[in-house]
Structure formats: C-alpha cells, structure tokens
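Enquirer: Questions regarding the structure given below will be posed in turn.
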Amino acid sequence: MARGKSIKSRRGRKGAGAFDIDITSLLDILTILMVFLLQSYNSSGVVINVPKEIEIPRSNSETLNNFGVNIQVSKSQIWIDDKEIMNVNNLPTDQIYDEGGARIIALYNELVKIKETIKQSEKLSPKAKPFSGVANLVVDKTIKYEYLKRVMHTCAQAGFKEFKFVVLAAGN
C-alpha cells in the first residue's frame with residue numbers, strides 16, 4: 001500500500017510547480033561564439049587565397065583593400081586571381097621579358113585580356129562595374145625591388161595603374 005500512495009503523490013506533484021532552467025552556460029557559449037565571429041569578420045569583402053610560396057609582409061595600416069584584379073607574385077611564379085599564368089622554371093629567359101627586360105610578357109598578355117573582358121561587359125550590361133584599373137598586389141616580402149618594379153610597370157602598361165599592396169595586419 002505504501003507503494004500506491006507514492007505513485008499517486010508523484011502524479012499529483014507533476015503539474016503543480018514551475019520548471020526553471022539555468023541558461024547561464026548557454027549565454028557564455030553564445031558570447032564566445034559572437035567574439036570569435038567578430039574577430040574573423042572581413043569587412044573589405046576581398047578574399048584572396050595566398051599561395052604557400054608567398055610570405056606576405058606585415059603592416060599597421062587600417063585601410064581596407066579595394067576590388068580589382070589580384071596579382072600574386074613569388075620568386076618564380078605569378079598568379080592572377082588564383083590562376084597561375086607564369087612559372088619562371090618552365091620558360092626560357094627570352095620568353096619572360098620584352099621591352100628591354102622592363103615588361104613581363106605573360107603578365108601583360110593576361111592583364112590585357114582581363115581588361116578587354118571587363119570593358120566588353122561594360123558595353124553589354126549597364127549595371128556592370130566599370131573598369132577600375134586597380135591591381136591588388138600580393139607580393140612575397142623577399143622579392144627584390146627590381147622585379148617588383150617590372151611587375152608594376154607591366155600592370156601600368158596593361159592599364160592597371162592603381163596599386164594596392166596586400167599585407168597582413170600586425171596582430172595576425
């Protein structure tokens with residue numbers, strides 16, 4: 001008989017009281033997630049995949065990058081928007097430079113194609129972004145200035161006359 005009363009008394013208590021949940025630990029987790037998401041947020045909208053051959057210099061600058069063509073330069077390779085366009089190891093020296101060694105042939109040819117494509121899309125669509133002439137340069141910090149000067153000269157010859165250097169923020 002004692003058992004019967006205890007079951008009955010349990011049923012009677014079930015609907016009688018309010019149910020309390022402690023959500024302190026849940027709020028802690030949400031706060032940590034929010035901090036993580038804010039720290040990893042990129043407000044510039046420019047996403048660049050940097051090849052492992054390139055070590056980017058660091059900067060304390062707080063200005064953000066602009067939209068443009070992404071040119072990545074290592075000691076032996078050049079990429080445009082993640083597409084390798086030149087590997088010095090695969091080309092003879094006379095096929096790398098023209099204009100007396102001032103212009104990089106493969107880079108120039110690819111930039112001219114990109115410029116023409118952008119200009120063509122401007123004509124076809126009134127909502128297309130106009131040609132900005134911006135070149136976002138992702139350059140290995142060990143590149144010699146003479147080579148960087150050739151890259152910049154080549155970009156300017158192809159119509160990309162505004163340069164933005166991509167660097168890592170000092171805190172990263």
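The values are calculated or read from the model by the stated rules, or taken from the named source; none is laboratory data. A quick note: this is a predicted structure, and the numbers were derived from the prediction, not measured. Note that each Cβ is placed from the backbone with ideal geometry, even for glycine, and that neighbours are counted across all protein chains shown.
Enquirer: Report the residue count in the range 33-67 for those that are at pLDDT 70 or above, aliphatic (A, V, I, L, M) and either touching a Cys at 6+ places or on another chain (Cβ under 8 Å) or exposed (fewer than 13 other Cβ atoms within 10 Å of the Cβ) (or both).
Expert: Summing the residues that are at pLDDT 70 or above, aliphatic (A, V, I, L, M) and either touching a Cys at 6+ places or on another chain (Cβ under 8 Å) or exposed (fewer than 13 other Cβ atoms within 10 Å of the Cβ) (or both) in the range 33-67 gives 5.
Enquirer: Quick one: in the range 118-143, which of the residues that are among the polar types (S, T, N, Q) and touching a residue at least 40 places away in the same chain (Cβ under 8 Å) is surrounded by the fewest Cβ atoms within 10 Å (Cβ to Cβ)?
Expert: The residue in question is T142.
Enquirer: Right, here's the next one. Run E146 past the list (1) at pLDDT 90 or above; (2) of a type outside the set (A, V, I, L, M, F, W, C); (3) within 20 Å of P51 (Cα to Cα); (4) surrounded by fewer than 15 Cβ atoms within 10 Å (Cβ to Cβ) and report the number of the one that doesn't hold.
Expert: (3)
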